[in-house]
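Participant: Questions regarding the structure given below will be posed in turn.
Just so you know, all these numbers are worked out from the coordinates, no wet-lab data involved. Computed from a predicted structure; not experimentally measured. All Cβ positions, even for glycine, are placed from backbone atoms using ideal geometry, and neighbour counts span all protein chains on display.
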Amino acid sequence: MPDQSVYAGFVFLGILTAGSVLFVAWLPKRLPQQPDKQPDTSGFKWNLKQVLLLMLVFMQLSAVGGLWAYLEPLGIHAGLDAHSAQLLVSAMLFMQVLGGCLGILLVRRVPDYSMLAAAALLLASIALGMYVTADQGVNVFLGLCGLFALIYLMLTPFQVRIALHIDPSGRIAGLIPGMQLLGCAFGPLLAAQWVSDDNAQPVLLVSVWLSVTALFLVALLHRRAVSKRVGVARRA
């Protein structure tokens, strides 16, 4: 894009989209008949665990979105030129794909709450590390960016699994993508209040604060889940 202008990006997207037509031949001609069973949602009621989970998703994606939106000026401040900063964004998108695949592989092997707590702690540490090492060269910044992108999409499978455990009907799980989008929009909006001219460094501290808040919500949500299991065991 820096060499061919923004129109080259749209041409590339068009070619990529047209290329997907080649895979139509591998699609099944007809789906197997599925039993018409819908979950009973007539008795659905909101509870604190559901609200806490949605708040957790919102906070985690706010922390991610706030940092992601200002990645280019942060990269330039770390020593990258404008072209390299744009290439960094593309490389991080690839790392996000790897992170999503890794999350799918780990979701049945790693405890949900432990993973979300570790992710919140890592996101806070990454943002704080970027802030502290802003003048210590590009390599440290690039390494932190790679780790940040890897964690980003790794969160979703664990968030959805907790949502299905809390609400088997799937209503809360269906709200997860919406809360993620709201968080990605709110994070940059909140971080923008502390950005002045070309100085985007305060964004990192905002991301740290949001991640720490998410870590607190993970602990609170886990405590509620454990207390409910203990109560059920005692009644049994």
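Participant: Grab the alpha carbons of segment 47-235, take their convex hull, and tell me the volume per residue in Å³.
Facilitator: So the per-residue Cα hull volume is 109 Å³.
Participant: Tell me whether segment 74-140 comes out rounded, prolate or oblate; compute the Cα gyration tensor, take square roots of the eigenvalues as a ≥ b ≥ c, and use a/c under 1.5 as the rounded threshold.
Facilitator: Taking the square roots of the gyration eigenvalues as a ≥ b ≥ c, segment 74-140 is oblate.
Participant: Using only alpha-carbon positions, what ratio does the radius of gyration of segment 153-224 give when scaled by 2.2 N^0.38 Å?
Facilitator: My calculation over the Cα atoms of segment 153-224 gives 1.34.
Participant: Sticking with this structure for a sec: Taking the number of other C-beta atoms within 10 Å as the exposure measure, put Leu164, Leu13, Leu88 in order starting with the fewest.
Facilitator: Lowest to highest Cβ neighbour count: Leu13, Leu164, Leu88.
Participant: Here's something else I'd like to know. Around Leu56, with a cut-off of 14 angstrom between Cβ atoms, what is the net charge of the other residues, counting Lys and Arg +1 and Asp and Glu -1?
Facilitator: +3
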